[in-house]
Amino acid sequence: MLDLQRQYDQVRAEVLQAVGRVCASQHYVLGPEVEQFEREMADFCGAREAVGCSSGTDAVWLALAAAGVQPGDRVLTSPFSFFASASAIVRAGARPVFADIEPATFNLDPQKVAEVLRGGGEAKLRTLLPVHLYGQCAAMDSFQQLADEFHLNVVEDAAQAIGATWAGATSVDAKGTGKRAGSLGVTAAFSFYPTKNLSAYGEAGLVTTRNPEMAAHLRRLRNHGSSRRYVHEEMGWNSRLDAMQAAILCVKLKYVEGWNQARRQRAATYDRLLAETGLARAAAPAQLTPAQSIIDPKSTIRNPQSTIAPDDAPIHLPYTIPHAGHVFHQYVIRAYRRDELREFLTARKIGTEIYYPIPLHLQPCFAYLGYREGDFPEAERAAKEVLALPMFPELTEEEQRWVVQSIAAFYC
């Protein structure tokens, strides 16, 4: 699935130099290395502030807390995501609320969110937490429109989306290009887990915001609720970022755009090779311009990413929204007889993964929420069909051909 050694070979000298610098300084937690990384990440994302923390999971919790989520509140998110998207809501003292996903992008469906909000059953709902799953931004224009209508905050779960962009009707920067993940909500959470597009050599995370007061709040929360030593203004946590990880991430941040472009190229190669087998179909979405509303309750126009490939193909290719800049943290197909295919590929020593086999609303620890199987059919169907193929910048076309030939061999 992922060969970290190939990337390390590219940056080894710079990384070791950065590690040596930290060791010589003997400043291992927060400090100048963390502050530099925060500045560079804020610039990269187009956010005013960035606050490093100890993990991506902590980043989601901090992003929610800084955005004002309080005990007793409700936060709406996707049922098809990593566990931390929902567990962080609980950690903030709130209650997760779910809405179904779009079948083509696997991201939270704005129309389903609108149905929940307009149904009037979530009076304490304060925040929307869309997840930029697999490296593609969720439909942020639509979520902001809903947030404005219902007086909600939008917090981005951008754990998988460093460098991803969204260029919707209202989401363009001063240059007329798409805004990056991390600048689209009131706060945004990033993960630098070793498998991510920008990866630490351990656990690390970060929150971005355009609000200096929220940034100050984030810095207190990550440091036991303290802005002055031994004075604790509120209850916080030990979520501080190690200087070693920050120094390593500063080195690698210079390369992430090139690595993301390489991932896009590998995704295009998979698309071409899989299409050439005759076993795969691309998504054929209905046309919808960014200026058109996709959450108007009177509209009959479906979301552009809601139409997936025809059911006569055993493989459905990933779909990218025209105004989204996908960074392909994962290259995820839908596969007929998915589990059997995975076993076949494993026998050929081809790594695959299922992200995610059990939707969040069906996790045992969330039984108290009262959801049942069948409540979110698209999330449940995705959990039975998705398969992530090997994806990393150094993947060779020869290796991709072997993956695709093996998939073809299984179905033929």
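The values are calculated or read from the model by the stated rules, or taken from the named source; none is laboratory data. Computed from a prediction, not measured in an experiment: that's the story for all the values here. Note: ideal-geometry Cβ built from the backbone for every residue, glycine included; neighbour counts use all protein chains shown. We work out accessible area using only protein heavy atoms, side chains counted, and drop any ligands, DNA or RNA first. Shrake-Rupley method; radii C 1.70, N 1.55, O 1.52, S 1.80 Å.
A Förster distance of 60 Å, applied to the separation of the beta-carbon atoms of residue 27 and residue 412, puts the FRET efficiency at 0.55. Shape of segment 322-412 from its Cα gyration tensor (a ≥ b ≥ c, root eigenvalues): rounded if a/c is under 1.5, otherwise prolate when a/b > b/c, or oblate? The shape class here is prolate. When shorter helices are ignored and each DSSP H run of at least 4 residues is given -39500 (n - 2.57), the per-residue value for the chain at 222 nm works out to -11500 deg cm²/dmol. Residues in segment 346-362 carry Karplus couplings, in order, of 4, 4, 8, 6, 10, x, 9, 8, 10, 10, 9, x, 10, x, 4, 5, 9 Hz; the curve used is 6.51 cos²θ - 1.76 cosθ + 1.60 with θ = phi - 60°, and Gly or Pro positions show x. Highest mean packing comes first when the peptides 47-57, 237-247, 345-355 are listed by Cβ atoms within 10 Å, giving 47-57, 237-247, 345-355. What shape does segment 97-155 take by its C-alpha gyration tensor, where a ≥ b ≥ c are the square roots of the eigenvalues and a/c under 1.5 counts as rounded, a/b above b/c as prolate, and the rest as oblate? Prolate, since a/c reaches 1.5 and a/b exceeds b/c.
How high is the relative contact order of the chain? Use alpha-carbon pairs under 8 Å, at least six apart in sequence, and give a whole percent. Dividing the mean separation by the residue count of the chain yields 21 percent. Of 236, 205, 325, the residue with the greatest mean-square motion in the GNM of the chain, using alpha carbon springs below 10 Å, is 236. Per-atom-type breakdown for segment 39-186 gives carbon and sulfur 49% of the accessible area (1.4 Å probe, protein chains only). Each Lys or Arg adds one and each Asp or Glu takes one away; over the other residues whose Cβ falls under 10 Å from the Cβ of residue 212, this sums to 0.
Between amide H atoms placed 1.01 Å from N, distances below 5 Å from residue 81 occur with 360, all of them 5 or more places distant or on a separate chain.
Report for the chain the percent antiparallel among DSSP-assigned beta bridges with both residues inside it, nearest 5. DSSP beta bridges in the chain are roughly 65 percent antiparallel. Backbone geometry of segment 155-168 corresponds, through the Karplus equation with coefficients 6.51, -1.76 and 1.60 at θ = phi - 60°, to 3J(HN,Hα) couplings of 10, 8, 8, 9, 4, 9, 10, 4, x, 5, 10, 9, 10, x Hz, x marking Gly and Pro. The calculated FRET efficiency for the pair residue 232 and residue 264, based on their C-beta separation and a Förster distance of 60 Å, comes to about 0.85.
Around the amide H of residue 101, modelled in the peptide plane, lie the amide H atoms of 109, 378, 379, all under 5 Å away and 5 or more residues distant in sequence or on another chain.
Classification of the chain by its C-alpha gyration tensor yields an oblate form. The axis ratio a/c (a ≥ b ≥ c) is 1.5 or more, and b/c is at least a/b.
Between the alpha-carbon centres of segment 79-97 and segment 20-54 there is a gap of 27 Å. Modelled spin-label separation between residue 339 and residue 1, with each label point placed 7 Å from Cα along the Cα-to-Cβ direction: 1.8 nm.
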